[in-house]
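Let me begin by presenting the structure, written as structure tokens, before commenting on it.
Here, each number is a calculation from the coordinates, and none is a lab measurement. The structure displayed is predicted, hence computed values, not measured ones. Cβ atoms come from the backbone with ideal geometry, glycine included; neighbour counts cover every protein chain shown.
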Amino acid sequence: MASDVEKVFTSLANISKGSDWSRYTLEAQKQIQVESVENAIKLLRGYRNKYIEECEKAIANTKMTVSAPQIVDSYSLMSNKYKLISQTLEQQIEVLGNMTNQNDFEIMKGMILERLTDPNQIRQVMKVELPTEEKLKKQAIGQLKFRTANIDWIPSIKLNRAVSIQGLGLRNYLNSFF
């Protein structure tokens, strides 16, 4: 896909460098530029959509599980504890429900429970379970959509192009080739 995306930029850059370009009237050059940029945008957005679809298929076809317990050093455990207990109970429950490591889940659940005295709050926390495979896939697709939300985001482009597109916008960046 990277070479296909790069070909779009290369072919667009070569239009105004062709030997026939100077023969066109200014009006014709503008028309060619507008059509070329529109076609490039369609192609690039097509690659973008194809990439997102392929990622969604890969997520759907991947077996996802909560990772096995790991040994955690006491410093990171304590810093996580203080971050967690400084939040409201609702936020703590949300964080707990989104944990993807079994060991962290059990430790954090215990840390939340040790501070509670209200039976209703204790029951609320006890209801929280490790995420299911379905929830993990839903989170992964949510992350994909979040990371690709910018309509000008194009997969497999060089960093310098990505920075320029971010600064100018896709249409203005493509127009800069002329």
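Here are the numbers for this structure:
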item	result
Helix 159-168 axis, angle to the chain major axis (alpha carbon atoms, nearest 10°)	80 degrees
Given the chain, longest segment not containing exposed loop trypsin sites (Lys or Arg not before Pro) (DSSP; at most 15 other Cβ within 10 Å)	64-157
Label-point separation in nm, residue 87 to residue 135, each point 7 Å along Cα→Cβ	1.3 nm
Under 18 Å from residue 7, Cα to Cα: lysines that are on another chain or at least 8 residues apart	17, 42, 50, 158
Karplus-derived HN-Hα couplings along the stretch 56-63 (A = 6.51, B = -1.76, C = 1.60, θ = phi - 60°), whole Hz, x at Gly and Pro	5, 5, 4, 5, 5, 8, 9, 6
At most 13 other Cβ within 10 Å, DSSP loop - GluC sites (Glu not before Pro), the stretch 119-177	129
Summed side-chain charge close to residue 14 - residues other than residue 14 whose Cβ falls under 12 Å, Lys, Arg +1, Asp, Glu -1	+1
Between helix 2-15 and the chain: long-axis angle, C-alpha atoms, 0 to 90°, nearest 10	30 degrees
Nearest 10 degrees, 0 to 90: helix 74-85 Cα axis against the chain principal axis	90 degrees
Of (1) 20.6; (2) 16.3; (3) 16.9, the label for Kirkwood radius over Cα pairs in Å derived from the coordinates	(1)
